[in-house]
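Engineer: My structure is below; once you've seen it, I'll send some questions.
The values are calculated or read from the model by the stated rules, or taken from the named source; none is laboratory data. Just so we're clear, the structure is a prediction, and the values are computed from it rather than from any experiment. No Cβ is skipped: glycine too gets one built from the backbone with ideal geometry, and neighbour counts run over all protein chains shown.
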Amino acid sequence: MAGAESKSLSDARQRSLSHACQRKACTARIGPQRHGSSATPVSEKPALPKPVLSATAAVIYVTDFQRARDFYVSKLGFSVEFAYGDPPFYGLVKRDRARLCLRLVCEAVFVGDIREREQLLSADFVVDTAAEIKELFREFHSSGVDFFPKLKTEPWGARNFIVRDPDGNLVLFAGPGD
């Protein structure tokens, strides 16, 4: 009988401890209970402002990292933000607020001429004025880049041109029409 009483007492302690732990957890969540009153409401946290996406960086796949980095720096006026690896296989170049990631791959990403036939763009950049898009075109033309196609006005009014990099990536530069 002493064993049965001891077991019963032990079970009662466990239930009591279990209830105490549950009360403690509940109190931590909703606050202490007061006699004669309902639970204290959980205070709401102030709403955070909606996140704003402030930049984007396209990824360009290249078969020769150094050649691609040199092209974007010397021909298009970008600067090197960083290069990772020894030898480098990933990096970021930027010009003003435009950012472009360069990622080394060991084989062509596109098969055949699908990229040109479908004008599959790897990245696009936008300027604010018609004067800027004309000046950018002149700058790139004087540095000897390969255009596909040259500066043109689209039916919807935008003026743009596409540059082909050494790996065949098509990069669009666009701005408003006149």
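Engineer: Sort through Leu104, Leu151, Leu172 and tell me the only one that's surrounded by 14 or more Cβ atoms within 10 Å (Cβ to Cβ) and within 26 Å of Leu53 (Cβ to Cβ). Give the steps one after another, and end with the answer.
Structural biologist: On the way: Leu104 fails: within 26 Å of Leu53 (Cβ to Cβ); Leu151 fails: within 26 Å of Leu53 (Cβ to Cβ).
Every option except Leu172 fails the conditions.
Engineer: To continue, here is another question. Output the qualifying pairs, or none if there are none: Cβ atoms under 9 angstrom, residues six or more apart or on different chains, first residue in the range 135-148 and in contact (Cβ under 8 Å) with a residue 24 or more places away in the chain, second residue surrounded by fewer than 16 Cβ atoms within 10 Å (Cβ to Cβ) and among the hydroxyl-bearing types (Ser, Thr, Tyr).
Structural biologist: Ser143/Ser74
Engineer: Test each condition in (1) farther than 25 Å from Glu139 by Cβ; (2) without any contact (Cβ under 8 Å) to a residue 12 or more places away in the chain for Pro88 and report the one that comes out false.
Structural biologist: (2)
Engineer: Moving on to the next point. In the range 36-45, is there at least one residue being surrounded by fewer than 10 Cβ atoms within 10 Å (Cβ to Cβ), under 29 Å from the mean Cα position of the chain (by Cα), modelled with pLDDT under 90 and not aromatic (Phe, Trp, Tyr)? Quick ask: steps written out before the conclusion?
Structural biologist: From the range 36-45, those surrounded by fewer than 10 Cβ atoms within 10 Å (Cβ to Cβ) are 36-38, 41-45; that's our starting set.
Filter once more, so that each one left must be under 29 Å from the mean Cα position of the chain (by Cα): 45.
Now restrict to residues that are modelled with pLDDT under 90: 45.
So of that shortlist, the ones also not aromatic (Phe, Trp, Tyr) come out as 45.
Yes - at least one qualifying residue is present in the range 36-45.
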